[in-house]
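Chemist: Mind having a look at this structure? Questions to follow.
The numbers here are math on the coordinates, done by the rules we state, and not lab data. None of the values given here were measured: they were computed from a predicted structure. Here the Cβ is made from the backbone with ideal geometry for all residues, glycine too, and neighbour counts use every protein chain on show.
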Amino acid sequence: MFDENKAETRIPVDSAEDICRQADLLRAPVARYLAPTASATPEPAVAQIGAGVSW
């Protein structure tokens, strides 16, 4: 596991049950990875898609 400072923590896993017990620890880095960053280009708003196009 890597925390927000990229420090590694090893967690022994011997069974699928061990993975389930660590679910919150597994979700946290994924959430950080998927979270938008300040430097990311925002997606266009739905209202802007097709703006200026007459239907």
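Chemist: Along segment 27-35, what does the Karplus equation 6.51 cos²θ - 1.76 cosθ + 1.60 (θ = phi - 60°) give for ³J(HN,Hα), rounded to whole Hz, x for Gly and Pro?
Modeler: These are the phi-based 3J(HN,Hα) values: 6, 4, x, 5, 4, 5, 5, 7, 5 Hz.
Chemist: Once phi is turned into ³J(HN,Hα) by the Karplus curve 6.51 cos²θ - 1.76 cosθ + 1.60 with θ = phi - 60°, what whole-Hz value does each residue of segment 11-16 show in order, with x for glycine and proline?
Modeler: My calculation for segment 11-16 gives 10, x, 10, 10, 7, 4 Hz in order.
Chemist: In a shell of Cβ-Cβ distance under 10 Å around residue 28, excluding residue 28 itself, what net charge do Lys and Arg (+1) and Asp and Glu (-1) give?
Modeler: -1
Chemist: Continuing with the same structure: Restricting attention to segment 1-36, which GluC sites (Glu not before Pro) occupy a DSSP loop and are surrounded by at most 15 other Cβ atoms within 10 Å?
Modeler: Taking segment 1-36 and a limit of 15 other Cβ atoms within 10 Å, the loop GluC sites (Glu not before Pro) found are 4.
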